[in-house]
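Where a number appears in this text, it was derived from the coordinates with a stated rule and is not lab data. From a predicted model like this one, the values you see are computed outputs, not experimental measurements. As a convention, Cβ positions derive from the backbone with ideal geometry for all residues, glycine included, and neighbour counts pool all protein chains shown.
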Amino acid sequence: MSDTLVFSFIIAHSILSTNTYNKMTHTHQILFVTGKGGVGKTSTSIMLGLAQAKRGRKTIIVQTHGAQQISPFFGLPVCGYIPQEVYPNLFVMSITAAQAIEEYALQQLKFRKVYEIIFENRFAKPLIQGAPGLHDAVHLGKIYSLADREKWPSIIVDAPATGHALSMLHSARTMMDLTKSGPMYNTNAIVDAVFSDPNRTSIVLVTLLEELPVQETLELWDALEKQHQCRLLVHNKVLTPPPISEHSVPFEWKRHVDMLRTKYQSQQQQKDILTSISCTQYQVPSIPTMDIDTWSAWGEKLLRSIQGDQA
């Protein structure tokens, strides 16, 4: 484990090489968007990103673990580790642990050959791959390094699904527990301070009004160390009330409307269950097509909800 800590120290030390945490003045600079897989956290991230961009804030949406869903959404080739502009003021990038480790190590070692000797030998690779929390920590470190620069006043993290997202948020704390004290402990303490500060980092939960996503959302809420850091719970793909009168529905549509009515009632029941979560909740309908103006308008409503304004 000592070898792993050496590698981790090199990585973590470079994260703070600019040492400008005190210059970070943007409120809600980082929005950490998560939810059960398939509930629409990526589309929510896009809405928020478009709204921030239209406000004139230079914004980057960060995908994790090599995800490549957002650029094609804008009709563009998949992005990589280098930020790609997909819309005026809106950029997208995709992080992998391997690329983050390589970037941080090269910042310290300067020469690629030295990096290859230290990090790409058959002894080092298993240590790096198996280090507890290291991959999540370098993801968090990369996001921190973006926040640590005035270039990105708005960062939206299209985070992994609920359980993994929680592990990522706590990864700097995990490294602190591992090291107990010393330079690496101090480094991770600074990173953790940013991601646990509700004035810097806000959590946005996304769910469908269905039994399994709602249950997972409740479990994540209970697991959050600082629940006040959760600024918004988005109910995605919410149905509008179907017609009440049977006479207002053509006969050939009746079966379809009955199914919608049943699903709507089920959604309302799940919505009632979520009242135990004490943060702002906002309903977004199913939006069938990708329309920049429509998506950014919904994103603006979500931003206002996060900021406590009337949407």
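Data for the structure
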item	result
Out-of-range pairs (alpha-carbon distance over 25 Å; input K271/K301; K142/K226; K58/K271; K142/K180; K226/K263)	K58/K271; K226/K263
Counted charge near Q283, where neighbours are those whose Cβ lies closer than 12 Å (Asp, Glu -1; Lys, Arg +1)	+3
Radius 9 Å from Cβ of V194, net charge of other residues (Lys, Arg +1; Asp, Glu -1)	-2
Region 33-44 - phi-based ³J(HN,Hα) in whole Hz, Karplus 6.51/-1.76/1.60, Gly and Pro as x	9, 8, x, 4, x, x, 8, x, 5, 5, 5, 5
Karplus-derived 3J(HN,Hα), 6.51/-1.76/1.60, for each residue of region 261-278, Hz, glycine and proline x	5, 5, 5, 4, 4, 5, 4, 5, 5, 5, 4, 4, 5, 6, 5, 6, 8, 8
Charge sum, other residues only, whose C-beta stays under 10 Å from L90's C-beta, Lys/Arg counted +1 and Asp/Glu -1	+2
